[in-house]
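For reference, the structure discussed in these notes is given below.
The values are calculated or read from the model by the stated rules, or taken from the named source; none is laboratory data. Keep in mind that what you see is a predicted model, and the values were worked out from it rather than measured. When we count neighbours, we look across all protein chains shown, and the Cβ atoms used for this are built from the backbone with ideal geometry, even at glycine.
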Amino acid sequence: MSNEKYEFFKVIQEYLAKAARVVSLDPAVETMLSQPKTEVIVHFPVKMDTGEIKLFKGYRIQHSNILGPFKGGIRYHENVTLDDTKALASMMTWKCALMRLPYGGAKGGIKFNPRAHSTGELQRITRRFTHALGSNIGPDYDIPAPDVGTNSQMMAWIMDTYMNTVGHVNKQANRGVVTGKPVASGGTLGREKATGQGVVHCITEWCRESRFNLEGSTYVVQGFGNVGAHAATILSRFGASLTAVGDHSGYLKSPEGFNPHKLMEWVKQKGSVAGYPSGQAISREEFFATKCDIFVPAALEGQIGPAEARAMECRLVAEGANGPCTPEGERVLLDRGIAVIPDVLANAGGVTVSYYEWVQNKRSESWTLEEVDAKLETAMKRSYGEVVNFARERDVDLRIAAYGLALDRLQNVYRERDIFP
């Protein structure tokens with residue numbers, strides 16, 4: 001990957017323009033969807049453990065709410081920018097429309113390195129950010145969730161802060177202000193593994209269509225956080241072997257295969273794959289050149305450019321992360337006959353189960369893991385089939401097909417509702 005700044009939002013706008021032509025999108029609808037509805041930027045002070053006061057910069061980008069409340073994750077990372085957050089918020093709009101969820105797209109984040117802070121500092125940063133956002137979030141307005149660098153514990157802090165800053169009478173009604181909460185605090189069973197589970201549903205559908213047997217196959221995973229780790233443990237149940245893995249700390253290979261469960265425990269304790277005893281350190285170049293059947297990029301955007309795509313030796317790339325392939329990288333992969341399941345479809349399991357959590361909160365219900373898993377499987381397989389059929393009918397790749405389906409649904413709503421006033 002080159003050192004040039006990857007213009008993620010521009011890339012997403014180009015996909016929008018391309019798909020708009022395929023579905024003959026009304027130019028007015030394309031114009032409205034080309035920019036977010038609202039961009040919130042906040043600066044807020046937080047007291048560090050040392051007593052020092054630090055100022056943090058936070059974002060909440062609300063792209064569209066034509067289908068329902070804004071919905072999208074909150075990212076804690078040192079490279080969070082306005083541009084990337086706008087791109088991710090736009091993608092959430094397509095994702096929700098594709099999955100037929102009554103949500104629009106949003107995304108948020110704070111520009112800092114969460115690994116450099118204590119639990120106490122992370123709690124204060126999270127609570128002050130929530131307070132700074134104020135009424136820009138709410139259970140029927142904008143519903144955050146975990147993303148890179150955040151987890152269920154942080155969602156519990158956001159929920160608690162929000163619940164304690166609204167009126168006491170309707171306090172419990174605000175439990176649905178975030179999804180991805182711990183189960184005891186109103187979260188749902190199956191949410192933590194949902195994104196990884198969704199990726200695997202797409203992989204198994206691709207295998208079925210391609211008459212490819214997962215048993216005895218090999219796969220590699222870039223990024224071993226929530227998405228990558230769960231996708232790996234679920235794939236291992238099908239008899240597939242994890243032969244290489246990498247994250248922000250470096251890359252490892254194991255020709256006889258890693259135990260994803262043990263590796264997941266290691267990462268939970270140590271914070272990264274670095275130093276995992278049964279792996280042999282390799283370079284980033286060697287990692288991308290590792291021969292395997294399935295490649296799951298589950299780290300950050302812009303990881304697979306033309307150089308990586310030319311080096312890769314796999315049959316399928318299933319995008320666990322948002323935007324891991326650059327447009328040029330994807331073109332190389334497709335030209336080489338490597339299939340790509342795009343992010344808006346592959347990783348939509350997370351927001352789908354977030355929707356189930358929100359519904360349970362609204363109804364004061366709690367569903368069994370079997371119910372959640374069955375609903376997710378139905379939703380993922382249905383959307384996968386719709387995207388594949390659209391791609392065949394219109395002779396486009398799966399990414400443009402996913403965007404096209406989403407835009408079609410959004411356009412129908414705009415036509416029915418028209419513009420106010």
- Please determine, by comparing only the residues of segment 293-314 that are part of a helix (DSSP H, G or I) and touching a residue at least 60 places away in the same chain (Cβ under 8 Å), which one is farthest from the chain's Cα centre (by Cα). Ala307
- Of all the residues that make up segment 272-299, how many are within 11 Å of Gln222 (Cα to Cα) and in contact with a His (Cβ under 8 Å, 6 or more places away or on another chain)? 1
- Identity of the residue in segment 123-136, surrounded by 21 or more Cβ atoms within 10 Å (Cβ to Cβ), in contact (Cβ under 8 Å) with a residue 60 or more places away in the chain and out of contact with any Lys or Arg (no Cβ under 7 Å at 6 or more places or on another chain), that ends up nearest to Gly176 (Cα to Cα): Phe129
- Query: Can you name the residue in segment 163-177 that is of a type in the set (Val, Ile, Thr) and part of a loop (DSSP other than H, G, I, E, B) and, of all such residues, is farthest from Glu365 (Cα to Cα)?
  - Reply: Thr165
- Message: Anything in segment 201-244 that is free of Cβ contacts under 8 Å to residues at least 40 places away in the same chain, hydrophobic (A, V, I, L, M, F, W, C), over 19 Å from Ala339 (Cβ atoms) and in contact with a Phe, Trp or Tyr (Cβ under 9 Å, 6 or more places away or on another chain)? List them, or say none.
- Response: Leu242
- Task: With the condition kept exactly as written, say whether any residue in segment 224-242 is surrounded by 18 or more Cβ atoms within 10 Å (Cβ to Cβ) and modelled with pLDDT under 95.
- Result: yes
- Determine which member of the set Val317, Val332 is assigned to a helix (DSSP H, G or I) and surrounded by 17 or more Cβ atoms within 10 Å (Cβ to Cβ). Val332
- Within segment 51-69, residues more than 16 Å from His131 (Cα to Cα), loosely packed, with under 14 Cβ neighbours inside 10 Å and either modelled with pLDDT under 95 or not acidic (Asp, Glu) (or both) come out as Gly51, Ile53
- Message: Quick check on segment 277-293. Is at least one of its residues under 27 Å from Gly72 (Cβ atoms) and buried (at least 21 other Cβ atoms within 10 Å of the Cβ)?
- Response: no
- Query: Across segment 9-50, what is the number of residues that are assigned by TED's automatic domain parsing to the domain that holds Asn136, under 19 Å from Ile74 (Cα atoms) and surrounded by 17 or more Cβ atoms within 10 Å (Cβ to Cβ)?
  - Reply: 6
- Quick count over segment 221-242, residues being under 15 Å from Lys193 (Cβ atoms) and either assigned to a strand (DSSP E or B) or over 14 Å from the mean Cα position of the chain (by Cα) (or both), is 8
- Do we have Glu357 as closer than 24 Å to Ser185 by Cβ, of a type outside the set (Lys, Arg), assigned to a helix (DSSP H, G or I) and modelled with pLDDT of 95 or more here? yes
- So Pro324 fits all but one of (1) crowded, with 21+ Cβ neighbours inside 10 Å; (2) over 26 Å from Trp206 (Cα atoms); what number is the exception? (2)
- Subset of segment 14-35 [without any contact (Cβ under 8 Å) to a residue 60 or more places away in the chain and under 23 Å from the mean Cα position of the chain (by Cα)]: Ala17, Ser34, Gln35
- Item | Any hit, segment 99-121, residues being part of a helix (DSSP H, G or I), free of Cβ contacts under 8 Å to residues at least 60 places away in the same chain and closer than 29 Å to Lys5 by Cβ | yes
- Note on the structure: When restricted to Asp247, Asp147, the only residue charged (D, E, K, R), within 18 Å of the chain's Cα centre (by Cα) and in the same structural domain as Val296 (by TED's automatic domain parsing) is Asp247
- Would you check if Pro260 is more than 20 Å from Asn322 (Cα to Cα), at pLDDT 95 or above and in contact with a Ser or Thr (Cβ under 8 Å, 6 or more places away or on another chain)? yes
- Message: One residue is enough: does segment 186-208 have a residue meeting the conditions in contact with a strand residue (DSSP E or B) (Cβ under 9 Å, 6 or more places away or on another chain) and of a type in the set (S, T, N, Q)?
- Response: no
